[in-house]
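Undergrad: Below is one structure. I have some questions about it.
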Amino acid sequence: YTFFPGTPRWPDGKSDLTYAFLPANQLSDDEKAVFSRAFQRWAAVTPLTFTATDSYTAADIKIGFFSGDHGDGEAFDGVLGTLAHAFSPPSGRFHLDRDENWVATGDVTTSSLSSAVDLESVAVHEIGHLLGLGHSSVEESIMYPTITSRTKKVDLATDDVQGIQVLYGGNPNYNGSSSTPSTSQERETSDGGEPRA
Amino acid sequence: FFLPNISSIPPSLLPNVSSPAWNAFRNFSGCHAGERRDGLANLKKYFRYFGYIPETPSNFTDDFDDALASAIKTYQHNFNLEPTGQLDDATLTQLVRPRCGNPDIVNGSTAMNSGKAESLSATHFHAVGH
């Protein structure tokens, strides 16, 4: 795992983060649910929480789909190429390329469209950046920079968990398995486990 | 911009993607130091975008120069490829994959493989046949 230069992170008093979607994108509930699941994967292994809000301007994390040059100096390039980017803490800006063939529901791995990209896989990766992780050379990790189209990769690897827990510490209820997102109910009923960092 | 329930869409209704970004890089297979090849400047821009070549005030040329060879070698190291500095097939396959737009190297420093001690990143085993 790696960090951005200077190891930026969300400050100690800012562990309950809010996120909102660019209203102009008009995402459906199914599409918003993809991001909720992605946030939950990181919440399961850290003390951080993520809550959706309707106030885009006030949200800590702002999620938007954009095409081409969208004003931050990092223009998107159409189908495939760069899929998304996110800024280091505490910026909270999370941009996705609107021109991709995003798959939010259904099995991306069986798609006959060669350029289909799994939204949740990319969301989990970019949230890692929003929290302070850089790219990793560990191919199995979420923070590896590339992802093949028609691939789903959403489970945090040991490398990801170790990295994020260096920044924020562990979730007292984390039991060492990051294969599925933990719900709040699961957290309450978990028998717990030692934080890994 | 979303494909609703991808599994249920007939192939005939799916959008046709003619040439994804970076596919042209595949034409550089076997290109080596000292060579000049149309479009190599675009590959240099790719490497600059992701932090492998420092910002330069002048435009890039289509020459396979030392800066490009160094960038390729660092990239290969970061992506667990043989660090040859050559545009071999394995490297090109990795280069054209879709990816995150965040750079791998920020301000000239990297914490990926190429920025770590060799002892931490070396995973090669040497075998001798008997």
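Undergrad: Please verify whether residue A:107 is modelled with pLDDT under 90, in contact with a Ser or Thr (Cβ under 7 Å, 6 or more places away or on another chain), within 30 Å of residue A:68 (Cα to Cα) and among the charged types (D, E, K, R), treating the condition exactly as stated.
TA: yes
Undergrad: What do you reckon, is residue B:59 of a type outside the set (Asp, Glu) and closer than 30 Å to residue A:92 by Cα?
TA: Against the criterion (of a type outside the set (Asp, Glu) and closer than 30 Å to residue A:92 by Cα), residue B:59 does not qualify.
Undergrad: Hey, among the residues in the range B:69-90 that are among the small types (Gly, Ala, Ser) and free of Cβ contacts under 8 Å to residues at least 40 places away in the same chain, which one's surrounded by the most Cβ atoms within 10 Å (Cβ to Cβ)?
TA: B:71
Undergrad: Could you check the range A:143-167 and list, in sequence order, the residues that are more than 10 Å from every other protein chain (Cβ to nearest Cβ), surrounded by 19 or more Cβ atoms within 10 Å (Cβ to Cβ) and free of Cβ contacts under 8 Å to residues at least 24 places away in the same chain?
TA: If the condition is that a residue be more than 10 Å from every other protein chain (Cβ to nearest Cβ), surrounded by 19 or more Cβ atoms within 10 Å (Cβ to Cβ) and free of Cβ contacts under 8 Å to residues at least 24 places away in the same chain, then A:157 is the only one that fits.
Undergrad: Test residue B:43 against the stated conditions and say whether it is at pLDDT below 95 and surrounded by 13 or more Cβ atoms within 10 Å (Cβ to Cβ).
TA: Spelling it out, it is not the case that residue B:43 is at pLDDT below 95 and surrounded by 13 or more Cβ atoms within 10 Å (Cβ to Cβ).
Undergrad: Then there's this: Cβ-Cβ under 7 Å, sequence separation 6+ or interchain: first residue in the range A:1-29 and more than 14 Å from chain B (Cβ to nearest Cβ), partner surrounded by fewer than 13 Cβ atoms within 10 Å (Cβ to Cβ) and of a type in the set (Gly, Ala, Ser). Which pairs?
TA: A:20/A:55
Undergrad: Working only within the range A:1-59, note down all residues that are within 24 Å of residue B:104 (Cβ to Cβ), among the basic types (Lys, Arg) and in a helix (DSSP H, G or I).
TA: Passing the criteria: only A:41.
Undergrad: Let me ask another. Residue by residue through the range A:83-128, note down the ones that are in contact (Cβ under 8 Å) with a residue 24 or more places away in the chain and in contact with an Asp or Glu (Cβ under 6 Å, 6 or more places away or on another chain).
TA: Answer for the range A:83-128, where residues must be in contact (Cβ under 8 Å) with a residue 24 or more places away in the chain and in contact with an Asp or Glu (Cβ under 6 Å, 6 or more places away or on another chain): A:83, A:84, A:85, A:86, A:92, A:94, A:104, A:105, A:108, A:117.
Undergrad: Here's something else I'd like to know. For residue B:90, state whether it is more than 10 Å from chain A (Cβ to nearest Cβ) and closer than 15 Å to residue B:29 by Cβ.
TA: yes
Undergrad: Return the residue satisfying two criteria in turn: it lies in the range A:76-109 and is among the hydroxyl-bearing types (Ser, Thr, Tyr) and in contact with a Gly (Cβ under 7 Å, 6 or more places away or on another chain), and of such residues it is farthest from the other protein chains (Cβ to nearest Cβ).
TA: Filtering first and then ranking leaves A:88.
Undergrad: Of the numbered conditions (1) surrounded by 15 or more Cβ atoms within 10 Å (Cβ to Cβ); (2) within 14 Å of chain B (Cβ to nearest Cβ), residue A:73 satisfies every one except a single condition; which is it?
TA: Only one criterion is unmet by residue A:73, namely (1).
The values are calculated or read from the model by the stated rules, or taken from the named source; none is laboratory data. These numbers were taken from a predicted model, which means no experiment stands behind them. With ideal geometry, Cβ positions are generated from the backbone for all residues, glycine too; neighbour counts draw on all protein chains shown.
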